[in-house]
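The values are calculated or read from the model by the stated rules, or taken from the named source; none is laboratory data. Fair warning: this is a prediction, and the values are worked out from it, not measured in the lab. FYI the Cβ positions are ideal-geometry reconstructions off the backbone, even for glycines, and counts take in every protein chain you see.
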């Protein structure tokens, strides 16, 4: 893939990003209810103060002008004050983001390390009982409502068996210096294994809940592409040469069969963003998803607006990344 | 003689009947379809099927367990929730919400998607550019987040959920229809219709649409399962149909307060979601295998 094409594809993102920003802006602008009134609440305030607040927030401008102001501010990361926290929205989001990133990464990892071996096995043992079970299993995986599965896990492992904690990201007794803000990594850097395992025990159930539907999808993709690869001439040739079966599977087949898996994984990472809201709510995980859900109920619109825009932009770039990845891994596809 | 007629009749069997037979030949798909119909029947005839009023509270029956556990009774066989309401009756009424929203969203979204997709794929030019750009932009939002943001704006409630889901859902059938229309546009029968002086509207609705309908129907049924999970997720977050109306998602959410003492409050409504969604998924896979020639042997 050449550099020019990459720039061209990047340029194509600009109208999409502009459109996404416009939709987020107008969604909020058309919301019934006056942001100034929400912000003031029950406090006594004079009319002049109210007018100056309105002016400060740019609400006295016509909508189109407000949009361009919003756009300009968005580029510089200025999304105004969070009504609820009385701090810049961007700071509040940045504070919650690492928890969400950590949860998403571990879910992704969990999905990959379970789905790939299972998918390969299902392909190798095609039409056996194992293949059937894995088919049914993956159908269950995509049909399970995440919030319900999470609650079942909580009831079993936290409430009844007391093996794992009910909510939160880490126990109160544990603390670790923030370097990356990802607790698993920070605790390893600090050489604190007890903290690491405590964080892991908090992370396990949410990551399992979030990763399961993804694992189900990835397993199907791996199975299908593995079956396709295994019927290719070069595999038959390798078999005829007498190379041992395991080596053929791993070195010859899997390498090529993983192309669709990796691409779909990149695409599905975007859907983790939506799942985060549910899973973080169920497990009291202090991430961005839960913050957004809480903000909706207290009508903290600037924060909801910024977070939705953040999610959308991340999503657009993840899809772009999946596209690029596919071309890099599969040279036959032209961008 | 009758043998010959029989044979001719089989050969002239309509594709619809042949595909239907193929679908019914899979026992699993048939079973799944039966499950779906049972749920639909339950939803339609809820007042006759439900043993109790779904909103009737009885504090003496607060958190009463299912009948097979000590303290339970057969008349309330799945037990009662925190307000002493019969969980089984609420599940039956909850089916109404899930199925009604699923069907309405899919029907409206598919209709919009068909019109937009046909227009984009057949008329091309600025119509195609406008629609395709809009599709690209809407695809830029994760589904659940888009729906949550919209409901945060317009408020919860039955109509608003349908609206919030349709806003993004139409994109899926639109893309399928556009792709199929682009391909169909170049086929002889469309060229013939054009040569005969058929109007664009006639060609789109009478010539192309009937020929591309089966992939659209298959995609719609698959999406239906997704819409039902989304609705349940919104209800779970408290952004769905508002209490006291029973919806499966909010019933699961209610049960969170009683995880320690009453597991059944969350478990059974969630199980209902799983069984319905699983049945739709299995049945729609069967539909795809039967109706898509690629899967025919």
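From the list B:127, B:190, B:172, exactly one residue is buried (at least 17 other Cβ atoms within 10 Å of the Cβ), more than 13 Å from every other protein chain (Cβ to nearest Cβ) and free of Cβ contacts under 8 Å to residues at least 24 places away in the same chain. Which is it?
B:190
Condition first: farther than 15 Å from residue A:146 by Cβ, within 7 Å of chain A (Cβ to nearest Cβ) and at pLDDT 90 or above. Now tell me which residues in region B:256-266 satisfy that. Steps first, please.
If we filter region B:256-266 for residues that are farther than 15 Å from residue A:146 by Cβ, which is where we start, we get B:257-265.
Now drop any that are not within 7 Å of chain A (Cβ to nearest Cβ), which leaves B:259-260, B:263.
The answer is B:263, and nothing else.
I want to confirm something. Restricting to region A:288-312 and keeping residues that are surrounded by 24 or more Cβ atoms within 10 Å (Cβ to Cβ) and under 12 Å from the mean Cα position of the chain (by Cα), which single residue is farthest from the other protein chains (Cβ to nearest Cβ)?
The qualifying residue farthest from the other protein chains (Cβ to nearest Cβ) is A:288.
Tally up the residues in region B:242-261 that are surrounded by 24 or more Cβ atoms within 10 Å (Cβ to Cβ) and more than 24 Å from residue A:159 (Cβ to Cβ), please.
Residues flagged as surrounded by 24 or more Cβ atoms within 10 Å (Cβ to Cβ) and more than 24 Å from residue A:159 (Cβ to Cβ) within region B:242-261 amount to 2.
Looking at A:110, A:105, A:121 in this structure, which one is away from every other protein chain (no Cβ under 14 Å), within 27 Å of residue B:253 (Cα to Cα), at pLDDT 90 or above and in contact with a helix residue (DSSP H, G or I) (Cβ under 7 Å, 6 or more places away or on another chain)?
Answer to the selection: A:110.
Hey, any hits in region A:132-148 for a residue that's surrounded by fewer than 18 Cβ atoms within 10 Å (Cβ to Cβ), in contact with a helix residue (DSSP H, G or I) (Cβ under 7 Å, 6 or more places away or on another chain) and not in a helix (DSSP H, G or I)?
no
So residue B:179 passes all but one of these: (1) within 13 Å of chain A (Cβ to nearest Cβ); (2) in a helix (DSSP H, G or I); (3) surrounded by fewer than 20 Cβ atoms within 10 Å (Cβ to Cβ). Which condition number does it fail?
Here residue B:179 clears every test but (1).
Is there a residue in region B:133-151 that is within 18 Å of residue B:224 (Cβ to Cβ) and more than 8 Å from chain A (Cβ to nearest Cβ)?
Of region B:133-151, the ones within 18 Å of residue B:224 (Cβ to Cβ) are B:143-144, B:147.
Then drop every residue that is not more than 8 Å from chain A (Cβ to nearest Cβ), which leaves B:147.
Yes, region B:133-151 contains at least one residue that is within 18 Å of residue B:224 (Cβ to Cβ) and more than 8 Å from chain A (Cβ to nearest Cβ).
Collect the residues in region B:237-255 that are within 10 Å of chain A (Cβ to nearest Cβ) and within 16 Å of residue B:277 (Cα to Cα), keeping them in residue-number order.
B:248, B:249, B:252
Give the residue, chosen from A:16, A:36, that is within 14 Å of another protein chain (Cβ to nearest Cβ) and touching a helix residue (DSSP H, G or I) at 6+ places or on another chain (Cβ under 6 Å).
Result of the check over A:16, A:36: A:16.
So residue B:214 clears everything in (1) surrounded by fewer than 21 Cβ atoms within 10 Å (Cβ to Cβ); (2) more than 14 Å from chain A (Cβ to nearest Cβ); (3) more than 18 Å from the chain's Cα centre (by Cα); (4) closer than 30 Å to residue B:21 by Cα except one condition, right? Which one?
For residue B:214, the exception is condition (3).
Could you please give the count of residues in region B:152-164 that are within 13 Å of chain A (Cβ to nearest Cβ) and not in a helix (DSSP H, G or I)?
Matching residues across region B:152-164 total 2.
Could you please tell me which pairs satisfy a Cβ distance under 7 Å, a separation of 6+ or placement on different chains, a first residue in region A:54-66 that is more than 11 Å from residue A:36 (Cβ to Cβ), and a second residue that is part of a loop (DSSP other than H, G, I, E, B)?
What qualifies is A:66/A:58.
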